[in-house]
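Below is one structure; the comments refer to it alone.
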Amino acid sequence: MKTIKKITGAAIALSLAASTSLYATNGDKMIGVGAKTRAMGGAGIAFSHGAESTLVNPALITHVPDTEISFGGTIFMPDVKTQIKVPGFNADSGMQKSDADISMIPAVAIASQVRDNLYIGAGMWGTAGMGTDFRGKGNPPLGLFDMETTLQLMQFAVPVAYKMNGLSIGIAPIVQYGSLDLHYKYNGNSIGDGQHQDFGFGASIGATYDFGNGITLGAMYKSKIKMDYGDALSEAATPFGISVGSHLDQPAEFGFGLGWRSGPHGIAIDWKRIQWSNADGYKQFNWKDQDVFSVGYQYDAGTWALRVGYNHGSNPIDLADGSTQAGAALNMFNLLGFPATVEDHITAGGSYVFNKNFSADFTVAYALEKKTNSDISGMFGPGAEIKNKHHQLGLTVQLNYKF
């Protein structure tokens, strides 16, 4: 009962720490929700990172020997620049920078061994989101529509895992909170239905097998989570001729991982697939399924550790034929409001152990700049185009306590 009370208390504390504007890197999903996972490029399906592994693969909490609490956050700094060029209509004002360029993303997790083979945990994380702020940007009369968009997603999970020799299996019911707000100016009118919020429910399941020679294999599946934001999406999309309902569901994902440890050395390799094309809302905006590959290396000297990683997630936005009105509208709405285009990320970080109970982690993650250009002549005539440049920097600090 004491363990359950500790877990519940940590979850409540985290819910009070929820941040505002969120961003992510694989589509609208963060490459990792904990400092150690992020430092290894998001790889962690078969490589335990302690309590923070609760959302990556719930089976991995069986690697926590007693009780561990992790608390931290990421300062996320995306840099999004966009330009709309319409020959003979608006003066070339150059690339305009979105003012939505910094946010704080919290993460808290706890895991504990409650019986010989039974483990339980809890956690809440900012897991995904995106948005831009181009108010007052660009030359009139077109400008950048004074567009401002914000999608915020947080997940709360309570994983339970069971260990049988080398095999571990886990399941984590998930509650997701989401908030969506889109507004802009079009033909002199203010468009948008205000902020809409919703709660959705899903689950994550996972398994690992430890061969006993330093090699671990893992697999995970996270279900789709349905989210209904009322008229927030349809009100914003209709003036562009885009037909979409009230749902913007978080897609299902599944993946496999390999972990290897030998002395101070560790390597993690993951592959996962995010099924955007089967998620209402995203599929109407031409998002395609995304393959994500991540690899990380760790050197653990005992009192300190160093980690590096690389993550590649293919761009999920499938640009349409911009010479048609429908295609131009999709391209402009995606690149102006939700430019989730970055693909390649390099990461590095480390840990320091102060004593047997207390340690700290830090991570730097950088998403390389991605340039995307699209024809929008179907809306604004020959030669019209939209250009987008996007890169990201994230700084993560995490504290861990074991007892």
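The values are calculated or read from the model by the stated rules, or taken from the named source; none is laboratory data. Here the structure is a predicted model, which is why all the values come from computation and not from measurement. Backbone-built Cβ (ideal geometry, glycine too); neighbour counts: all protein chains shown.
Structural remarks
- The lone exception for Gly170 - which of (1) under 21 Å from Gly202 (Cβ atoms); (2) surrounded by fewer than 24 Cβ atoms within 10 Å (Cβ to Cβ) it fails: (2)
- Only residues that are part of a strand (DSSP E or B) and among the hydrophobic types (A, V, I, L, M, F, W, C) were counted across region 323-362, and they come to 6.
- Test for Lys81: is it in a strand (DSSP E or B), basic (Lys, Arg) and under 30 Å from Ser377 (Cα atoms): yes
- Residues in region 341-356 that are among the polar types (S, T, N, Q) and modelled with pLDDT of 95 or more: Thr347, Ser351, Asn355.
- For region 101-202, the strands (runs of 3 or more DSSP E) that sit wholly inside it and include 3 or more residues that are farther than 22 Å from Phe380 by Cα and more than 20 Å from the chain's Cα centre (by Cα) are 103-113, 118-133, 160-164, 167-186.
- Some residue of region 72-82 being out of contact with any Ser or Thr (no Cβ under 8 Å at 6 or more places or on another chain) and over 20 Å from Thr363 (Cβ atoms): no
- Residue within region 268-278 that is modelled with pLDDT of 95 or more, farther than 30 Å from Gly214 by Cβ and loosely packed, with under 15 Cβ neighbours inside 10 Å present: yes
- Each residue in region 150-167 was checked for being surrounded by fewer than 17 Cβ atoms within 10 Å (Cβ to Cβ) and small (Gly, Ala, Ser), and 1 of them qualify.
- Pick from region 212-233, criterion in contact (Cβ under 8 Å) with a residue 24 or more places away in the chain and of a type in the set (S, T, N, Q), ranking: surrounded by the most Cβ atoms within 10 Å (Cβ to Cβ): Thr216
- Single residue of Gly394, Gly383, Gly350, Gly327 found to be touching a strand residue (DSSP E or B) at 6+ places or on another chain (Cβ under 9 Å) and surrounded by 22 or more Cβ atoms within 10 Å (Cβ to Cβ): Gly394
- Being over 30 Å from Phe285 (Cβ atoms), modelled with pLDDT of 95 or more and buried (at least 16 other Cβ atoms within 10 Å of the Cβ) is not true of Ala301.
- Among the residues of region 118-141, the one identified as surrounded by fewer than 19 Cβ atoms within 10 Å (Cβ to Cβ) and under 21 Å from His49 (Cβ atoms) is Leu118.
- Near pairs, Cβ below 6 angstrom, 6+ apart or cross-chain, from region 58-71 (of a type in the set (Ser, Thr, Tyr)) to any residue that is surrounded by fewer than 22 Cβ atoms within 10 Å (Cβ to Cβ) and not in a strand (DSSP E or B): Thr67/Phe403
- Exclusive hit being among the charged types (D, E, K, R), modelled with pLDDT of 95 or more and within 23 Å of the chain's Cα centre (by Cα), set Asp228, Asp210: Asp228
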